Amino acid sequence: MPKRGGERSMVPRAEFGSYYGRPVLKRPRWKAPHLPGYLYFGGLSGAAAAMAAMADATGRERLSLVGRVTAATAAAAGS
């Protein structure tokens, strides 16, 4: 295959294959709209749980309660 300026490729073009002719990567089983929500709610749940733990350690009972409820709700929504 000629390149610019009359150069020729010294290496043959790579062909990707796998054992028994199967695809190298499996097709994902998750649907695209679900994955961002799963990641968002998982992060929200973890951050709210950490905030609740810090609020509990510093004696802020109301903030601790809100953090725990948010963490539980986000964990349920993410699953």
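Relative contact order of the chain: 26 percent, from C-alpha pairs under 8 Å at least 6 residues apart in sequence. Applying a DSSP loop filter and a limit of 10 other Cβ atoms within 10 Å to the chymotrypsin sites (Phe, Trp or Tyr not before Pro) in the range 11-79 leaves PHE16, TRP30. Rolling a 1.4 Å probe over the heavy atoms of the protein chains gives the range 29-79 an accessible area of 75 Å² per residue. From helices alone, the chain scores -18500 deg cm²/dmol at 222 nm; the rule is -39500 (n - 2.57) for each run of n ≥ 4 DSSP H residues, then divide by the residue total.
Of the solvent-accessible surface of the chain, computed with a 1.4 Å probe and all protein chains present, 61% belongs to carbon and sulfur. Using volume of the Cα convex hull per residue in Å³ as the read-out, say which of [x] 229; [y] 130; [z] 86 was calculated from these coordinates. Correct label, based on the coordinates given: [x]. Here is the list for the chain: trypsin sites (Lys or Arg not before Pro) lying in DSSP coil, each with at most 14 other C-beta atoms within 10 angstrom of its C-beta, are LYS3, ARG13, LYS26, ARG29, LYS31.
The values are calculated or read from the model by the stated rules, or taken from the named source; none is laboratory data. Not measured: the values here are computed from a predicted model. Please note: Cβ atoms are built from the backbone with ideal geometry, for glycine as well, and neighbour counts cover all protein chains shown. Note: areas computed on protein heavy atoms with side chains; ligands, DNA, RNA excluded. Shrake-Rupley method; radii C 1.70, N 1.55, O 1.52, S 1.80 Å.
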